[in-house]
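Down below is the structure, laid out as structure tokens.
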Amino acid sequence: MVPILLERHRIAAFCQAYPDVEVEIAASADLVDIAAEGFDAGIRLGQFIEADMIAVRLTPSHPLTVVGSPDYLRRQRRPELIDDLRRHACLRMRRSNGSIAPWSFVNGNEAVEVVVSGPFIANDVPTMIGAAVEGLGLAQVPDPIAAGAVKAGKLVRVLEPFAPTAPGVFLYYPNRAQMMPKLRAFIDHVKSRSRATRSVRTKTS
């Protein structure tokens, strides 16, 4: 569901540019088979896209960051090392297959997965962020999703030297010989908006 939130402005711009095309969005945390469910395309984090799909990058790669509220970090000593998470309440994500996702880190050149524990489990990132803001514990989430709460002072980043990099968000669709004109229009629209966004970022950086 998070990628849809990230790309709402692009979808709105497409609806305005192509008022005759009917757009239907189904937001879900499950890893849906878009072809089997009758959808033309999907928006998803890059690490969850099947190898036989065609993918169009929408956002740059980004860190997976660990965040906690200032109130929580006043009550618990700020973690400085990955091993410090053993004494922290960690908010966990339940995957669509029912398993609990471990937290991912990099330690030097080594990728590390850590099984954390804590009092709260959710299956979507906005709920995780809300729980972290309320001081229930630490959460590991995509940095762009947490950035607003961090800027507002509601969350604080921790363990930044160990943050891994996630591939970013992609539009993806099946590799078909024939493509419907409405899907081609949507893909071209998303590509042009992505190029414009990168150009603005370059000029203002």
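The values are calculated or read from the model by the stated rules, or taken from the named source; none is laboratory data. Note that the structure is a prediction, hence the values are computed from the model and not measured. Backbone-built Cβ (ideal geometry, glycine too); neighbour counts: all protein chains shown. These area figures cover heavy atoms from the full protein model, side chains too; ligands, DNA and RNA do not enter into them. Shrake-Rupley method; radii C 1.70, N 1.55, O 1.52, S 1.80 Å.
Every condition in (1) within 13 Å of E160 (Cα to Cα); (2) touching a Phe, Trp or Tyr at 6+ places or on another chain (Cβ under 9 Å) is met by P79 except one, and the failing one is (2). When region 119-129 is examined, which residues are found to be modelled with pLDDT of 95 or more and not β-branched (V, I, T)? The answer is F120, and nothing else. For region 155-182, enumerate the residues that are open to solvent by 10 Å² or more (accessible area, probe 1.4 Å), more than 12 Å from P63 (Cα to Cα) and either outside any loop (DSSP other than H, G, I, E, B) or at pLDDT 90 or above (or both). Passing the criteria: V156, F170, Y173, P174, P181, K182. Within region 67-74, at least one residue is under 18 Å from the mean Cα position of the chain (by Cα) and modelled with pLDDT of 95 or more. Residue under question is V112, and the condition is that it be open to solvent by 40 Å² or more (accessible area, probe 1.4 Å), in contact with a strand residue (DSSP E or B) (Cβ under 9 Å, 6 or more places away or on another chain) and part of a strand (DSSP E or B); does it hold? Answer is no for this residue.
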